[in-house]
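This report refers to the structure that appears directly beneath it.
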Amino acid sequence: MITEVSEGIYAYIQPDGSWYLNNTGFLVDPRGAISVDATSTERRTRAYLDAIANVTPQPVRTLVNTHHHGDHTYGNGLFTGATIVAHKRCRDEVLALGPPANTGIFTEVEWGNLPVAPPFLTYDAGVTLWSGDLRCEVRYVGTPAHTTNDSIIWIPDRSVLFAGDLLFNGGTPFLLLGSIEGSIEVLEQVLRPLGATTIVPGHGPVCGPEVIEDVLGYLRFVADLARKGHAAGLSPLDAARQADLGSYAAWTDAERIVGNLRRAYLELAGGERGAPLDAVAALRDMVAYNGGRPLTCHA
C-alpha cells in the first residue's frame, strides 16, 4: 500500500507489519528515485519495485538500508543499478547473515532468488542525500539500539522521519541483536528531539510522534520485568511466561518479549550494548513461548 506522506515522498506499507513484513519508502525527482530499504522476498520486492514504477518512470538510483535485518535487505540484489548505502556495520552484518533459508523457527517462506547484495557505499556517522533540492539526512544513531547499525532518514524541510525498526507501530519491538538501554537512549535523545510530525516506522501504519512514547513505554516495561525476573532467579523464558503483558499482549508478535528479556538480562549482567549472544537459542525459546509452534510469518 502506497501513501504519499509529503509531496514526492512515499511510504510503502505492508500489512500487518508482523515478522518479515516491513515498511519501505521512496522519494522521486526527475533524475531518479531514492528507496529506503528493500523487502524480504523476491515476490514482495518485485511488487515494491512495480509500485515505484507506477509512480515514476525513473529508475531507483539509490537504496538506503536502515539496518541489516533480512526483511530490509534480502531484496537488495533486485535493485539493479542502484548504489546501496548504509552504515559500515550494516555491510558487515549483511555479509554475515547470508541468503535467507527456512530453519524451522518460522513457518516456511518462499524466499525466491535473492542474491546477497551488501551496501557498497558506507559511512561512519552519516551522509546527506538530495532528492532534487530536498535534503535528506541519513544518520547513524550512535549506539546499538534495534541492532548495532541503525540509521534514520530525516527530511527536515518536510518534518518526515523514516525510522527503520527503531519504531514499531502496533507491533512488538525486537531488541535481541541491539540494546534495551541503547534504544531508550536513542528514542529520548535522538528521535524525540527531531520533532517529526510524520513518521514512517519500520513496521505498522504511518503515524506521528506519539509512537515514540508508545515504544518507550514498552522498553521501560521490559527493563522493569527483567530486573524483577533476574532478581527472582528466573530465566528469560520463565520470566516471560509469568509476565502479564497487559495492553502489549495485543501487539503483534508478543513472543518477542523472550528475546527482549534475553538482551535485558545480558545488560543487567554488565554486557555491552549489542554484545553477541546466542540468537538461535533465544529464537528457540520464543518458539517454546509460542507453545512449540513455529513463529507465524506471512512473508
For R31, the accessible surface traced by a 1.4 Å probe with all protein chains present amounts, in square angstrom to the nearest 10, to 150
Computed over segment 102-233, the relative contact order (Cα-Cα under 8 Å, seq sep at least six) in percent reads 18
With the charge dipole of the chain built from beta-carbon charges (+1 for Lys and Arg, -1 for Asp and Glu) about the Cα centre, the Cα from I152, T41, V186 projecting farthest to the positive end belongs to T41
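Given a cut-off of under 8 Å on Cα pairs at least six residues apart, what relative contact order in percent is computed for segment 166-224? Working shown, then result.
Values: 56 pairs, mean separation 26.3, N = 59.
Relative CO of segment 166-224 lands at 45 percent.
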Of the accessible area of segment 103-220, computed with a 1.4 Å probe and all protein chains kept, carbon and sulfur make up a percent value of 51
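Based on DSSP H runs of at least 4 residues, each adding -39500 (n - 2.57), what is the mean residue ellipticity at 222 nm of the chain after dividing by all its residues, to the nearest 500 deg cm²/dmol?
Rounded to the nearest 500, it is -9000 deg cm²/dmol.
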Scan of the chain for GluC sites (Glu not before Pro) in DSSP loops with at most 13 other beta-carbon atoms within 10 Å gives a longest site-free stretch of 111-271
For V116, the accessible surface traced by a 1.4 Å probe with all protein chains present amounts, in square angstrom to the nearest 10, to 70
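Looking at the chain, send over the antiparallel percent of its DSSP beta bridges, to the nearest 5. Present the calculation step by step, with values, prior to reporting the outcome.
Details: 27 of 44 bridges.
Taking every DSSP beta bridge with both residues in the chain, the antiparallel ones total about 60 percent.
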Rh (Kirkwood, all Cα-Cα pairs) for the chain, Å, reads 19.2
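Taking all protein chains together and a probe of 1.4 Å, list M286, M1 from the most accessible to the least accessible.
Values: M286 0, M1 125 Å².
The ranking, largest first, comes out as M1, M286.
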Taking only the alpha-carbon atoms of segment 197-299, the convex hull volume per residue, in cubic angstrom, is 127
Result for the chain: accessible area per residue, probe 1.4 angstrom, in square angstrom, of 40
In the chain, taking the dipole from +1 charges on Lys and Arg beta carbons and -1 charges on Asp and Glu beta carbons about the Cα centre, the listed residue (M1, V60, T24) farthest towards the positive end is V60
Between the alpha carbon centres of segment 48-62 and segment 176-207 the gap in Å comes to 27
Check: C-alpha center segment 266-299 vs C-alpha center segment 92-157, spacing in Å is 21
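The values are calculated or read from the model by the stated rules, or taken from the named source; none is laboratory data. Quantities reported herein were computed from a predicted structural model and do not represent experimental measurements. We place every Cβ from the backbone using ideal geometry, glycine too, and count neighbours over all the protein chains shown. The protein model used for the area step is the full one, side chains on, heavy atoms only, and it has no ligands, DNA or RNA in it. Shrake-Rupley method; radii C 1.70, N 1.55, O 1.52, S 1.80 Å.
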